[in-house]
Amino acid sequence: MHDPRRPAFPFDELRRRPDVEAPNLLAFDATDRLLGARGVDQAEARGLAGRDIAVIGDAYGAVTLQLASAGLTGVRVHQDLVTGRAALAGNAAALGLTGTYVGHELDSGLLSGARLVLAQLPRGLAELEELADAVARWAADDVVLVAGGRVKHMTLAMNGVLGARFTEVGAELAVQKSRLLTAAGPRPVPEHPPFPVCAAHDDVGLTLCAFGGAFAGPRLDVGTRFLLDFLDRMPGGPGSTVVDLGCGTGALAAAYTLRHPGARVVATDRSAAAVRSARATMEANGVAGRVAVEHDDAGGSLPEASADVVLLNPPFHLGASVHAGAGIKLIDAAGRLLAPGGELWCVANSHLGYRAALQAAVGRTEVAGRNRKFTVTRSVRRHARGAAPTDTRAQGPSRAPAPGVPSEGP
Ligand SMILES: C[S@@+](CC[C@H](N)C(=O)[O-])C[C@H]1O[C@@H](n2cnc3c(N)ncnc32)[C@H](O)[C@@H]1O
């Protein structure tokens with residue numbers, strides 16, 4: 001692992017912010033250490049420069065910054081989450097390493113000519129398939145893909161996915177409960193990348209499209225499906241502004257737009273895979289010109305008090321750990337985004353008990369419906385203390401539209 005000739009990398013100085021921070025949530029793991037050390041060793045052994053190396057899935061920058069601190073600059077980096085990108089930038093600044101790497105989407109710019117790819121293994125096989133295809137498609141013929149993960153999250157099926165795109169696949173011995181897989185010898189790839197995949201859901205009149213890393217893939221999540229039953233009860237007059245917060249593949253935004261054609265709809269997610277998927281979903285449902293899709297942390301770039309309706313199916317996983325903070329963060333964001341009198345429509349597993357958080361962040365909360373597993377709530381944004389209550393829907397929209405939102409209904 002650590003070569004005593006190299007100065008120790010200050011892992012403990014890395015932060016997760018603006019992602020949720022908590023004492024049990026670290027900004028690095030043993031896999032990051034292994035990948036960084038392997039990158040430095042391989043660069044030395046093969047005479048690689050920083051620009052020959054691509055890093056994928058670096059959660060908070062631990063892999064990229066190990067390379068940078070060893071003098072490997074110009075490394076190309078893809079991170080799915082906008083929060084991860086901000087954390088890497090913040091950690092680079094704190095360590096005096098700003099400007100030492102180049103951010104990319106998961107595309108040919110990231111991988112073209114790359115000879116070493118260091119990746120944190122995604123949890124889902126679809127995301128791994130997309131990653132393996134991209135490396136085989138765009139990287140150099142002598143590329144070595146080193147992909148690592150926590151042993152408890154790895155399955156043999158991962159080797160099979162890598163084997164579909166590479167002739168040589170190997171697994172190394174585990175170190176501190178992390179393991180590296182290696183793949184080399186890219187196979188010829190099909191003419192078109194395998195994603196997005198789209199599926200029609202005729203019962204709800206929607207087609208959903210998904211890139212590898214999007215929540216639920218092209219399937220319609222059962223909680224989301226339940227929330228769709230309430231579309232007719234949601235406000236949606238012409239010109240009202242609606243935010244699908246944490247949009248995933250965009251099911252809620254697309255369905256809402258089809259049901260309320262005059263509304264201005266923004267779909268926003270912190271995941272790049274979700275954003276690309278939601279754009280493809282809007283295209284597939286013929287509403288691309290009516291829904292703005294933003295890559296954003298908790299709708300942070302949208303103006304305060306600008307929305308009449310927020311739609312939310314909150315996450316309850318933070319990477320591999322289950323942590324309510326991610327859901328609470330979006331509930332708080334809904335409180336910020338809603339105009340007084342605006343409504344948050346939220347679906348969640350009944351056992352999660354978000355009611356207190358909804359009341360505190362938004363206002364009066366009632367149960368609109370409940371089935372065996374899920375509860376749909378409607379929370380009405382309270383008026384600021386001392387302000388005279390106004391019925392914003394009766395008055396029609398008087399606020400500026402959110403950036404990027406089409407200003408006309410169809
Ligand atoms: C349970 S999924 C719901 C997706 C979609 N709304 C649906 O109903 O199918 C939660 C989504 O929230 C997104 N998310 C989590 N934290 C976020 C944050 N801080 N800002 C924006 N999106 C976030 C995730 O990427 C994920 O796509």
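The values are calculated or read from the model by the stated rules, or taken from the named source; none is laboratory data. On a predicted model such as this, the values are computed, not experimentally measured, just so you know. Note that we place each Cβ from the backbone using ideal geometry, even for glycine, and neighbour counts take in every protein chain shown. Just so you know, the surface numbers come from the protein's heavy atoms only, side chains and all, with ligands and any DNA or RNA stripped out. Shrake-Rupley method; radii C 1.70, N 1.55, O 1.52, S 1.80 Å.
Worth a mention:
- Single residue of VAL82, VAL77, VAL102 found to be of a type in the set (Val, Ile, Thr) and open to solvent by less than 20 Å² (accessible area, probe 1.4 Å): VAL77
- Some residue of region 253-272 being under 25 Å from GLY84 (Cα atoms), in contact with a His (Cβ under 8 Å, 6 or more places away or on another chain) and more than 11 Å from the ligand (Cβ to nearest atom): no
- The set of residues in region 62-87 being part of a helix (DSSP H, G or I) and more than 16 Å from the ligand (Cβ to nearest atom) consists of ALA62, VAL63, THR64, LEU65, GLN66, LEU67, ALA68, SER69.
- Any chance LEU258 is more than 30 Å from ARG17 (Cβ to Cβ) and in contact with a helix residue (DSSP H, G or I) (Cβ under 7 Å, 6 or more places away or on another chain): no
- Subset of region 360-400 [open to solvent by less than 70 Å² (accessible area, probe 1.4 Å), at pLDDT 95 or above and in a helix (DSSP H, G or I)]: ALA361
- Region 216-244 - residue that is in contact with a helix residue (DSSP H, G or I) (Cβ under 9 Å, 6 or more places away or on another chain) and free of Cβ contacts under 8 Å to residues at least 60 places away in the same chain and, of those, surrounded by the most Cβ atoms within 10 Å (Cβ to Cβ): PRO218
- Just one of the numbered conditions (1) within 14 Å of the ligand (Cβ to nearest atom); (2) at pLDDT below 95 is not true of SER301: (2).
- Residue in region 186-205 that is open to solvent by less than 20 Å² (accessible area, probe 1.4 Å) and not assigned by TED's automatic domain parsing to the domain that holds GLN79 present: no
- With respect to the conditions (1) open to solvent by less than 10 Å² (accessible area, probe 1.4 Å); (2) in a helix (DSSP H, G or I), VAL55 falls short on a single one, namely (2).
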